[in-house]
1. So for the range 173-306: antiparallel DSSP bridges make up what percent, rounded to the nearest 5?
2. Which percent, nearest 5, of DSSP beta bridges in the chain are antiparallel?
3. Name the lysines eligible as straight-distance cross-link partners of residue 168: C-alpha to C-alpha under 24 Å, and not fewer than 8 places from it in the same chain.
4. At what distance in angstrom do the alpha carbon centres of the range 1-46 and the range 189-241 lie from each other?
5. For a paramagnetic label modelled at 7 Å from the Cα of residue 42 toward its Cβ, which residues of the range 181-196 fall within the zone defined by backbone nitrogen distances under 17 Å?
6. Run the simple label-point estimate for residue 212 and residue 53 please: 7 Å along Cα→C-beta, distance reported in nm.
7. If you line up the long axis of helix 60-69 against the longest principal axis of the chain, both from Cα atoms, how many degrees apart are they, to the nearest 10?
8. Send over the per residue convex hull volume for the range 35-94, Cα only, as a whole number of Å³.
Amino acid sequence: MKALVTGGAGFIGSHLVESLLDRGDEVWVIDDLSTGRFENIAHLESHPKFHYTIDTILDERVVADATSKSDVVFHLAAAVGVAYIIDNPLKSLETNIKGTEIVLQHANEGKKMVVIFSTSEIYGKANSQPCKETDDRILGTTTISRWGYSSSKAIDEFLALAYHREKKLPVVIVRCFNTCGTRQTGQYGMVIPRFVKQALLDHPLTVYGDGKQTRCFCDVSDVVRGVLGLVEEPAANGEVFNLGSDEETSIEELAERIKELTASVSSVDYIPYDKAYEQGFEDMRRRVPDLTKIRTTIGYEPQVSLQELLERVVAHFKR
Ligand code: UDP
(Lines give C-alpha, C1' and ligand atoms only; values in the text may rest on other atoms or scores of the structure.)
Protein backbone atom coordinates (compact mmCIF):
# COMPACT_ATOMS: atom_id res chain seq x y z
CA MET A 1 0.00 0.00 0.00
CA LYS A 2 0.98 3.62 -0.43
CA ALA A 3 0.54 5.56 2.77
CA LEU A 4 0.70 9.20 3.77
CA VAL A 5 1.55 9.70 7.43
CA THR A 6 0.96 13.28 8.59
CA GLY A 7 2.99 13.84 11.73
CA GLY A 8 5.27 10.99 10.69
CA ALA A 9 8.29 12.45 12.50
CA GLY A 10 6.46 12.36 15.81
CA PHE A 11 6.63 9.70 18.46
CA ILE A 12 3.72 7.50 17.31
CA GLY A 13 4.03 8.52 13.65
CA SER A 14 7.64 7.41 13.33
CA HIS A 15 6.87 3.98 14.78
CA LEU A 16 3.97 3.63 12.36
CA VAL A 17 6.21 4.64 9.44
CA GLU A 18 8.76 1.97 10.40
CA SER A 19 6.08 -0.74 10.54
CA LEU A 20 4.68 0.27 7.15
CA LEU A 21 8.13 0.23 5.54
CA ASP A 22 8.94 -3.10 7.22
CA ARG A 23 6.01 -4.73 5.50
CA GLY A 24 6.96 -3.29 2.11
CA ASP A 25 4.66 -0.28 1.87
CA GLU A 26 5.68 3.03 0.31
CA VAL A 27 5.44 5.95 2.73
CA TRP A 28 5.15 9.74 2.44
CA VAL A 29 5.54 11.86 5.56
CA ILE A 30 4.48 15.45 6.13
CA ASP A 31 5.72 16.95 9.38
CA ASP A 32 6.53 20.51 10.41
CA LEU A 33 8.72 19.32 13.31
CA SER A 34 6.68 21.39 15.76
CA THR A 35 6.55 18.60 18.31
CA GLY A 36 8.09 15.88 16.12
CA ARG A 37 11.84 15.53 15.62
CA PHE A 38 13.84 14.86 12.51
CA GLU A 39 16.02 12.39 14.40
CA ASN A 40 12.95 10.12 14.69
CA ILE A 41 13.06 9.53 10.92
CA ALA A 42 16.70 10.29 10.08
CA HIS A 43 17.58 6.57 9.99
CA LEU A 44 14.94 6.04 7.25
CA GLU A 45 16.21 8.77 4.92
CA SER A 46 18.01 6.40 2.56
CA HIS A 47 15.13 3.89 2.38
CA PRO A 48 13.99 3.68 -1.27
CA LYS A 49 10.30 3.68 -0.33
CA PHE A 50 10.48 6.54 2.15
CA HIS A 51 9.70 10.15 1.20
CA TYR A 52 9.23 13.17 3.44
CA THR A 53 8.36 16.84 3.31
CA ILE A 54 9.13 19.11 6.22
CA ASP A 55 6.14 21.41 6.01
CA THR A 56 2.82 22.16 7.62
CA ILE A 57 -0.45 20.40 6.81
CA LEU A 58 -1.95 23.89 6.69
CA ASP A 59 -0.31 24.22 3.25
CA GLU A 60 -2.94 22.82 0.92
CA ARG A 61 -0.56 22.23 -1.99
CA VAL A 62 1.66 20.00 0.10
CA VAL A 63 -1.31 17.98 1.33
CA ALA A 64 -2.90 17.77 -2.13
CA ASP A 65 0.30 16.43 -3.66
CA ALA A 66 0.91 13.79 -0.98
CA THR A 67 -2.70 12.58 -0.77
CA SER A 68 -2.85 12.17 -4.53
CA LYS A 69 0.05 9.70 -4.33
CA SER A 70 -1.35 7.62 -1.45
CA ASP A 71 -4.03 4.96 -0.98
CA VAL A 72 -4.51 5.68 2.72
CA VAL A 73 -3.83 8.66 4.98
CA PHE A 74 -2.83 8.21 8.61
CA HIS A 75 -3.55 11.62 10.10
CA LEU A 76 -1.42 12.20 13.18
CA ALA A 77 -0.25 15.77 12.66
CA ALA A 78 -1.74 17.57 15.64
CA ALA A 79 -0.88 19.52 18.73
CA VAL A 80 -0.25 17.05 21.51
CA GLY A 81 0.61 16.99 25.21
CA VAL A 82 -1.23 18.74 28.04
CA ALA A 83 1.70 21.12 28.73
CA TYR A 84 2.07 22.02 25.03
CA ILE A 85 -1.63 22.72 24.62
CA ILE A 86 -1.73 25.01 27.63
CA ASP A 87 1.30 26.94 26.34
CA ASN A 88 0.06 27.10 22.70
CA PRO A 89 -3.76 27.16 22.77
CA LEU A 90 -4.21 29.06 19.50
CA LYS A 91 -1.76 27.02 17.45
CA SER A 92 -3.28 23.83 18.89
CA LEU A 93 -6.80 24.74 17.82
CA GLU A 94 -5.68 25.90 14.39
CA THR A 95 -3.59 22.81 13.62
CA ASN A 96 -6.16 20.41 14.93
CA ILE A 97 -9.23 21.88 13.28
CA LYS A 98 -7.98 23.56 10.08
CA GLY A 99 -5.34 20.90 9.49
CA THR A 100 -7.83 18.06 9.69
CA GLU A 101 -10.28 19.92 7.42
CA ILE A 102 -7.54 20.24 4.78
CA VAL A 103 -6.50 16.58 5.06
CA LEU A 104 -10.09 15.33 4.79
CA GLN A 105 -10.92 17.64 1.90
CA HIS A 106 -7.98 16.44 -0.19
CA ALA A 107 -8.33 12.80 0.75
CA ASN A 108 -11.95 13.06 -0.33
CA GLU A 109 -10.97 14.13 -3.83
CA GLY A 110 -9.53 10.68 -4.48
CA LYS A 111 -11.72 8.90 -1.87
CA LYS A 112 -8.57 7.85 0.00
CA MET A 113 -9.18 6.20 3.34
CA VAL A 114 -8.34 8.45 6.31
CA VAL A 115 -7.39 7.17 9.74
CA ILE A 116 -7.97 9.94 12.27
CA PHE A 117 -5.83 9.69 15.40
CA SER A 118 -8.13 10.99 18.11
CA THR A 119 -7.68 10.87 21.85
CA SER A 120 -9.15 9.76 25.16
CA GLU A 121 -9.24 13.49 26.04
CA ILE A 122 -12.49 13.39 24.06
CA TYR A 123 -14.21 11.89 27.12
CA GLY A 124 -13.23 14.88 29.27
CA LYS A 125 -13.67 14.38 32.99
CA ALA A 126 -16.19 11.56 32.70
CA ASN A 127 -16.68 9.81 36.02
CA SER A 128 -17.88 6.47 34.78
CA GLN A 129 -14.99 4.20 33.83
CA PRO A 130 -14.07 2.33 31.73
CA CYS A 131 -14.93 4.72 28.85
CA LYS A 132 -16.98 3.25 26.04
CA GLU A 133 -17.02 4.78 22.55
CA THR A 134 -20.68 5.77 22.92
CA ASP A 135 -20.28 7.44 26.33
CA ASP A 136 -21.21 11.07 26.89
CA ARG A 137 -18.41 13.62 26.89
CA ILE A 138 -18.17 15.72 30.06
CA LEU A 139 -16.18 18.92 29.66
CA GLY A 140 -15.40 21.94 31.81
CA THR A 141 -15.48 25.65 31.07
CA THR A 142 -13.94 27.30 28.00
CA THR A 143 -11.37 29.24 30.05
CA ILE A 144 -9.43 26.00 30.60
CA SER A 145 -7.29 25.20 27.53
CA ARG A 146 -7.46 21.44 28.05
CA TRP A 147 -11.15 21.48 27.14
CA GLY A 148 -10.37 23.44 23.97
CA TYR A 149 -8.03 20.65 22.94
CA SER A 150 -10.66 18.04 23.74
CA SER A 151 -13.22 19.98 21.71
CA SER A 152 -10.85 20.42 18.75
CA LYS A 153 -10.32 16.68 18.56
CA ALA A 154 -14.08 16.16 18.82
CA ILE A 155 -14.54 18.51 15.85
CA ASP A 156 -12.04 16.34 13.95
CA GLU A 157 -14.18 13.31 14.69
CA PHE A 158 -17.37 15.13 13.66
CA LEU A 159 -15.73 16.23 10.41
CA ALA A 160 -14.51 12.75 9.59
CA LEU A 161 -17.89 11.19 10.35
CA ALA A 162 -19.65 13.84 8.26
CA TYR A 163 -17.35 13.15 5.29
CA HIS A 164 -18.07 9.47 5.72
CA ARG A 165 -21.85 9.91 5.86
CA GLU A 166 -22.29 12.59 3.22
CA LYS A 167 -19.44 11.90 0.83
CA LYS A 168 -18.88 8.18 1.42
CA LEU A 169 -15.25 8.82 2.36
CA PRO A 170 -13.76 5.74 4.08
CA VAL A 171 -12.65 6.79 7.58
CA VAL A 172 -11.58 5.07 10.77
CA ILE A 173 -11.29 6.98 14.05
CA VAL A 174 -9.02 5.70 16.78
CA ARG A 175 -9.14 7.22 20.25
CA CYS A 176 -5.69 6.58 21.65
CA PHE A 177 -5.42 6.35 25.43
CA ASN A 178 -2.09 7.13 27.08
CA THR A 179 0.49 5.86 24.62
CA CYS A 180 4.10 5.54 25.60
CA GLY A 181 7.37 4.05 24.41
CA THR A 182 10.74 4.84 22.97
CA ARG A 183 11.20 8.29 21.37
CA GLN A 184 8.45 9.91 23.43
CA THR A 185 9.71 13.11 24.99
CA GLY A 186 8.64 14.46 28.36
CA GLN A 187 8.96 17.99 27.04
CA TYR A 188 5.22 18.41 26.45
CA GLY A 189 4.09 16.93 29.75
CA MET A 190 3.94 13.17 29.25
CA VAL A 191 4.49 11.53 32.58
CA ILE A 192 6.52 8.37 31.86
CA PRO A 193 9.45 9.95 29.99
CA ARG A 194 9.48 12.75 32.58
CA PHE A 195 9.64 10.37 35.55
CA VAL A 196 12.25 8.14 33.89
CA LYS A 197 14.51 11.07 33.12
CA GLN A 198 14.06 12.53 36.59
CA ALA A 199 14.80 9.13 38.20
CA LEU A 200 17.93 8.51 36.13
CA LEU A 201 19.26 11.93 37.10
CA ASP A 202 18.30 11.38 40.76
CA HIS A 203 16.12 14.49 40.57
CA PRO A 204 12.79 14.63 42.44
CA LEU A 205 9.91 12.86 40.67
CA THR A 206 7.18 15.46 40.15
CA VAL A 207 3.82 13.87 41.00
CA TYR A 208 0.98 16.28 40.22
CA GLY A 209 -1.99 16.45 42.57
CA ASP A 210 -2.24 13.65 45.15
CA GLY A 211 -0.90 10.98 42.79
CA LYS A 212 -4.02 8.84 43.29
CA GLN A 213 -5.25 9.59 39.77
CA THR A 214 -4.98 6.55 37.49
CA ARG A 215 -4.07 5.95 33.86
CA CYS A 216 -3.50 2.96 31.56
CA PHE A 217 -0.30 3.16 29.54
CA CYS A 218 0.00 1.35 26.25
CA ASP A 219 3.19 0.60 24.36
CA VAL A 220 3.37 2.27 20.96
CA SER A 221 3.90 -1.11 19.25
CA ASP A 222 0.45 -2.23 20.43
CA VAL A 223 -1.09 1.00 19.14
CA VAL A 224 0.53 0.56 15.72
CA ARG A 225 -0.62 -3.07 15.52
CA GLY A 226 -4.16 -2.07 16.45
CA VAL A 227 -4.30 0.68 13.83
CA LEU A 228 -2.97 -1.55 11.05
CA GLY A 229 -5.50 -4.21 12.01
CA LEU A 230 -8.36 -1.71 11.78
CA VAL A 231 -7.30 -0.42 8.36
CA GLU A 232 -7.56 -3.91 6.98
CA GLU A 233 -10.95 -4.66 8.52
CA PRO A 234 -13.90 -3.54 6.33
CA ALA A 235 -16.22 -3.49 9.36
CA ALA A 236 -14.09 -0.70 10.86
CA ASN A 237 -15.04 1.76 8.11
CA GLY A 238 -16.97 4.72 9.51
CA GLU A 239 -16.43 3.58 13.09
CA VAL A 240 -14.79 4.94 16.25
CA PHE A 241 -12.53 2.73 18.39
CA ASN A 242 -10.81 3.07 21.73
CA LEU A 243 -7.22 1.92 21.47
CA GLY A 244 -4.81 1.38 24.34
CA SER A 245 -4.18 -0.85 27.30
CA ASP A 246 -6.54 -1.51 30.20
CA GLU A 247 -3.86 -2.20 32.80
CA GLU A 248 -4.52 0.55 35.33
CA THR A 249 -1.97 2.21 37.63
CA SER A 250 -1.98 5.25 39.86
CA ILE A 251 0.62 7.95 39.13
CA GLU A 252 2.00 7.48 42.66
CA GLU A 253 2.56 3.77 42.02
CA LEU A 254 4.10 4.61 38.67
CA ALA A 255 6.63 6.89 40.37
CA GLU A 256 7.58 4.13 42.81
CA ARG A 257 7.94 1.54 40.05
CA ILE A 258 10.17 3.80 38.01
CA LYS A 259 12.31 4.59 41.03
CA GLU A 260 12.73 0.88 41.69
CA LEU A 261 13.53 0.03 38.07
CA THR A 262 16.21 2.71 37.85
CA ALA A 263 17.54 2.11 41.39
CA SER A 264 17.10 5.84 41.86
CA VAL A 265 17.49 7.72 45.13
CA SER A 266 15.13 10.48 43.93
CA SER A 267 12.50 11.85 46.28
CA VAL A 268 8.86 11.97 45.19
CA ASP A 269 7.53 15.53 45.30
CA TYR A 270 3.82 16.33 45.21
CA ILE A 271 3.02 19.45 43.18
CA PRO A 272 -0.44 21.08 43.13
CA TYR A 273 -2.05 21.14 39.66
CA ASP A 274 -2.32 24.95 39.73
CA LYS A 275 1.47 25.18 39.97
CA ALA A 276 2.14 22.38 37.47
CA TYR A 277 -0.23 23.65 34.78
CA GLU A 278 -2.59 26.61 35.03
CA GLN A 279 -5.03 28.10 37.50
CA GLY A 280 -8.20 26.00 37.65
CA PHE A 281 -6.61 23.02 35.86
CA GLU A 282 -8.76 19.90 36.02
CA ASP A 283 -7.47 16.34 35.82
CA MET A 284 -9.27 13.01 35.43
CA ARG A 285 -9.25 10.84 38.53
CA ARG A 286 -9.39 7.67 36.44
CA ARG A 287 -9.03 6.97 32.76
CA VAL A 288 -9.54 3.43 31.54
CA PRO A 289 -10.58 2.36 28.05
CA ASP A 290 -13.33 -0.13 27.40
CA LEU A 291 -11.64 -2.22 24.68
CA THR A 292 -14.63 -4.48 23.92
CA LYS A 293 -15.27 -2.96 20.48
CA ILE A 294 -11.75 -3.31 19.11
CA ARG A 295 -11.40 -6.74 20.72
CA THR A 296 -14.51 -8.04 19.01
CA THR A 297 -13.81 -6.30 15.67
CA ILE A 298 -10.19 -7.34 15.10
CA GLY A 299 -9.27 -9.55 18.07
CA TYR A 300 -6.95 -6.82 19.42
CA GLU A 301 -5.14 -7.57 22.65
CA PRO A 302 -2.39 -5.38 24.12
CA GLN A 303 0.77 -7.45 24.39
CA VAL A 304 3.23 -5.26 26.24
CA SER A 305 2.70 -5.09 30.01
CA LEU A 306 3.32 -1.87 31.93
CA GLN A 307 6.45 -3.44 33.45
CA GLU A 308 7.88 -4.27 30.03
CA LEU A 309 6.94 -0.85 28.68
CA LEU A 310 8.78 0.83 31.56
CA GLU A 311 11.82 -1.39 31.01
CA ARG A 312 11.89 -0.37 27.33
CA VAL A 313 11.66 3.33 28.13
CA VAL A 314 14.34 3.11 30.83
CA ALA A 315 16.69 1.28 28.43
CA HIS A 316 15.99 3.92 25.77
CA PHE A 317 16.82 6.82 28.09
CA LYS A 318 19.96 5.07 29.36
CA ARG A 319 21.18 4.74 25.76
N1 UDP B 1 1.75 13.92 35.70
C2 UDP B 1 2.52 13.98 36.85
N3 UDP B 1 3.78 14.47 36.76
C4 UDP B 1 4.32 14.90 35.58
C5 UDP B 1 3.54 14.83 34.41
C6 UDP B 1 2.25 14.34 34.50
O7 UDP B 1 2.08 13.58 37.94
O8 UDP B 1 5.49 15.34 35.61
C9 UDP B 1 0.39 13.35 35.80
C10 UDP B 1 -0.71 14.15 35.10
O11 UDP B 1 -1.21 15.17 35.93
C12 UDP B 1 -1.74 13.06 34.81
C13 UDP B 1 -0.88 11.82 34.56
O14 UDP B 1 0.39 12.09 35.15
O15 UDP B 1 -2.56 12.84 35.92
C16 UDP B 1 -0.70 11.52 33.09
O17 UDP B 1 -0.21 12.68 32.48
P18 UDP B 1 0.16 12.78 30.94
O19 UDP B 1 0.45 14.23 30.66
O20 UDP B 1 1.22 11.79 30.63
O21 UDP B 1 -1.15 12.33 30.18
P22 UDP B 1 -2.71 12.74 30.38
O23 UDP B 1 -3.35 11.50 30.87
O24 UDP B 1 -2.80 13.85 31.37
O25 UDP B 1 -3.12 13.15 29.03
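1. DSSP beta bridges in the range 173-306 are roughly 25 percent antiparallel.
2. 10 percent
3. Cα-Cα hits under 24 Å: 2, 69, 98, 111, 112, 153, 293.
4. Cα centres, the range 1-46 to the range 189-241: 19 Å.
5. The answer is 183-185.
6. It is 5.2 nm.
7. 70 degrees
8. It is 103 Å³ per residue.
The values are calculated or read from the model by the stated rules, or taken from the named source; none is laboratory data. As the structure is a computational prediction, the values presented were derived from the model and not from experiment. Positions of Cβ are backbone-derived with ideal geometry, glycine not excepted, and every protein chain shown enters the neighbour counts. Just the protein is used for accessible areas: all its heavy atoms, side chains included, with ligands, DNA and RNA removed. Shrake-Rupley method; radii C 1.70, N 1.55, O 1.52, S 1.80 Å.
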